[in-house]
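The next block holds one structure in the form of structure tokens; read it before the comments.
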Amino acid sequence: MAPRELSALLLLSLPLVIMVGMSTGAVKIPIDIIIQHCVSIFFRSNGTDLNSGQIEIILFDIRLPRLCLAFLVGVVLAISGAVMQGLFRNPLAAPSLIGVSSGASLGASLVIVFAGAWLQSNSILGLSLIATGAFFGSLFVTLIVYRLSTSIFGTSVSTMLLAGIAVSALAGAINSWLSYFADNEMLRQLSVWQMGNLSTANWPRVFIVGFVGIFVLIIFSRESQSLNALLLGESEARHLGIDVQRVKKKLILLTTLGVGSAVAVAGTIGFVGLVIPHMVRLLIGPDHKRLLPLSALAGGILLLIADIIARVIYAPIEIPPGILTAVLGAPFFIILLADQRKQI
Amino acid sequence: MKLSTLFVFPIIAVSMFCVLCPVTADSNISEVDDLKREITLRAPAKRIVSLAPNITELLFHIGAGANIVGVDEFSNYPHEAKSITRVNNHSRVNYELILSLQPDLVFAWSSGNGFEIVQRLSELELTVFVIEVTKLSHIPELLKKLGRLTDKTIESKRIAADFQKKLRYLNKSHERKKKVKTFYQIWDDPIMTLNGEHLVSDVIRICGGVNIFATSSPLVPRVNIETIMKFDPEVILSSGTQERLVSWKKTWSRWRNITAVKGGHLYLIPPDLMQRPTYRTLDGATYMCKYLDRYREYGS
């Protein structure tokens, strides 16, 4: 598939998916009513009676922030995955490999177990204390991994992967250990948090992830040339005039920032970061200039679709979106792999 | 199968039965547990292990508390239960410790402890009696069973009758009242509730309420705010202490188009009174009925 075709396909399906997402849910709202409400939001002309007030709340306070959040989290996860795979030149690299996810879990658990009493009433910018703990946990663990693998000769990719596995294992063990000090309430909090959740999306959360997402997206795109050079190997990239160490440091920090904030607001959602970049690479080739934005778009759309299905498939109840990202994405990925084998 | 074997089997079965009959008639106690298994004790239980806080509480209530030698980590009521040896935590049961306590009866809670634990305990040749309460009306019968197993028959009968009477009163005084659409929240982020299979839903029904998620499929469904808006509950309940009330109400105040929020009908019930099926569940039910009545009286 040509890159142009794929981008056209994704760009066309995005508004479509958003429209479907806006109109489906417990309360059925037809498209024309949605458009009518969008228009009235802009002009603020007619007085709102109670019924249209309810529809407005559902559309703009419940569905829209949730759609935005799902999209942004998907974008950040997928683009970070693409960058990690490029940086480590390893197809299995994903943000979780360098400790982002386990660090986030650890941070969340520490907050739940040791600051339990504070949890109910405190929040910072609409984020709960747990989310804040998760964010700093992921930052902290990744920095340890980074320090461990960096010497005067630069950052060693293989050491970083090993250190990532070791530190993640340690963080995971501390995490399980903590559960023995937790009471009933805390245990439930731990397990629920780890399942991932987009249902309590609100505008402050959207703005946090949106801000981080755009920042990360811009800087990543500017480094796509360096990532391309890194595909040839580190020393080759250095000979091409790229400050490899600086690029690594920057990209690892930004990935942590992006994934850390995504995990903080939505819990751990697997699969998007690992497989979306591979799918896009199989479709359009390894040029990071196109790979990064298209992975971002595809990741956002996948999580959007997954979350829409997650909330309507067993309506009135819903299921964790992580289940659906895998169910939707995995078969498609398998088909692509099988196809590739035939071509060789 | 040979024809002769067909005859031999019933003969053996009948003769075995006759060997056993005098003993059963003598002093054995037989009760059917909630897995529909017949559990037989040679004598009333004197050394009991309880793997669920509500069973511990019920045993204390009928006066068998002194016979409990081991409890699960959440058994915290009554006060005396706190000093009994703990035999498990959320993920593991200490089988060695249970064996060393030499219990003659172990009470387990099937959906809480899991069937694996029941099976392992049975393999260790312990007598396991499994309990699962999903309706308030099961509690009197359960009390009587516990009484027979622990030789507290008289006391347990009295308490069971008392429970029955109070339950009937609650039932009677609410069955003709206006039905109130009720949402019972057990988790905030994501929002979770309980379906019709749960004891809480039974309490809602007794108070003349309708659990808006009664027909949803898992026992503990995840739901979203939009669905709650669609079902538009008239009363929203949750479990918790009063400290939680302010922040919890504040979270809901964003959704003023829900009848319960608009009318201010958001109430908390102490968790141990509602989520554990015990005698005290009646107190929880009384709270619940009072709150639903408050809606009927003041409306939205």
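The values are calculated or read from the model by the stated rules, or taken from the named source; none is laboratory data. Since the model is a prediction, treat every value here as computed from it, not as a measurement. When we count neighbours, we look across all protein chains shown, and the Cβ atoms used for this are built from the backbone with ideal geometry, even at glycine. Surface accessibility is based on the protein's heavy atoms, side chains included, excluding ligands, DNA and RNA. Shrake-Rupley method; radii C 1.70, N 1.55, O 1.52, S 1.80 Å.
Tabulated data for the structure shown
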| read-out | value |
| --- | --- |
| Equivalent ellipsoid semi-axes, chain A, via Cα gyration tensor eigenvalues times 5, rooted, Å | 34, 27, 18 |
| Average beta-carbon neighbours from other chains, 10 Å sphere, peptide B:223-234 | 6 |
| Contact surface A-B: accessible area buried, both sides summed, square angstrom, 1.4 angstrom probe | 2800 Å² |
| 5 angstrom amide H check on B:T150, placed H, neighbours 5+ away | B:A45 |
| Whichever lysines have a C-alpha closer than 20 Å to that of B:K144, once near sequence neighbours (fewer than 8 apart) are set aside | B:K36, B:K46, B:K135, B:K152, B:K157, B:K165, B:K166 |
| CD proxy at 222 nm, helix term only [per DSSP H run n ≥ 4: -39500 (n - 2.57); per residue of chain A; nearest 500] | -24500 deg cm²/dmol |
| Environment charge at A:K289 (Cβ cut-off 15 Å; Lys +1, Arg +1, Asp -1, Glu -1) | +2 |
| ³J(HN,Hα), Karplus 6.51/-1.76/1.60, whole Hz, each residue of segment A:251-259, x for Gly, Pro | 5, 5, 4, 5, 4, 4, 4, x, 5 |
| Which of B:I258, A:M195, A:V212, positive extreme of dipole for the protein assembly as shown (C-beta unit charges) | B:I258 |
| For B:V210, net neighbour charge (Lys/Arg +1, Asp/Glu -1) across residues whose Cβ lies under 14 Å away | +2 |
| Choice from B:N257, B:N211, B:N54 showing the highest fluctuation, given a GNM over chain B with Cα pairs closer than 10 Å | B:N257 |
| Probe 1.4 Å, accessible area per residue of segment B:24-160, Å² | 48 Å² |
| FRET E, pair A:I335, A:A315, Förster distance 30 Å, beta-carbon r, rounded to 0.05 | 0.55 |
| Distant-in-sequence amide H partners of B:T127 (H built 1.01 Å from N, under 5 Å) | B:V106 |
| Cα centroid of segment A:262-287 to Cα centroid of segment A:66-88, whole Å | 6 Å |
| Chain B: most fluctuating residue of B:Y287, B:Y279, B:Y95 per GNM, C-alpha cutoff 10 Å | B:Y95 |
| Quotient of Cα Rg and 2.2 N^0.38 Å for the protein assembly as shown, N being how many residues it contains | 1.16 |
| Under the Karplus curve 6.51 cos²θ - 1.76 cosθ + 1.60, θ = phi - 60°, whole-Hz ³J(HN,Hα) for segment B:215-226, x wherever Gly or Pro sits | 8, 5, 7, x, 4, 10, x, 7, 10, 10, 5, 5 |
| Helical mean residue ellipticity (222 nm; -39500 (n - 2.57) per DSSP H run of 4+; nearest 500) of chain B | -14000 deg cm²/dmol |
| For B:V180, residues with placed amide H under 5 Å, excluding near neighbours | B:G209, B:V210 |
| Those lysines that a straight Cα-Cα span of less than 22 Å connects to B:K249, excepting residues fewer than 8 apart in one chain | B:K181, B:K230, B:K262, B:K290 |
| Whole-Å distance, taken between Cα centres, linking segment B:37-77 and segment B:177-229 | 31 Å |
| Chymotrypsin sites (Phe, Trp or Tyr not before Pro) restricted to segment A:126-183 and DSSP loop, no more than 16 other C-beta within 10 Å | A:F153, A:Y180, A:F181 |
| Compactness of segment B:176-298 as Cα Rg over 2.2 N^0.38 Å, two decimals | 0.96 |
| Vicinal HN-Hα couplings computed from phi for segment B:68-74 (Karplus, 6.51 cos²θ - 1.76 cosθ + 1.60; Hz; Gly/Pro x) | 7, 10, x, 9, 7, 5, 9 |
| Number of partner chain Cβ atoms within 10 Å, mean per residue of A:315-322 | 6 |
| Helix runs (DSSP H) in chain B reaching 20 Å along axis by Cα, Kyte-Doolittle at least 0.5 | B:3-26 |
| Local electrostatic count, B:V93, Cβ distance below 11 Å [Lys/Arg +1, Asp/Glu -1] | -1 |
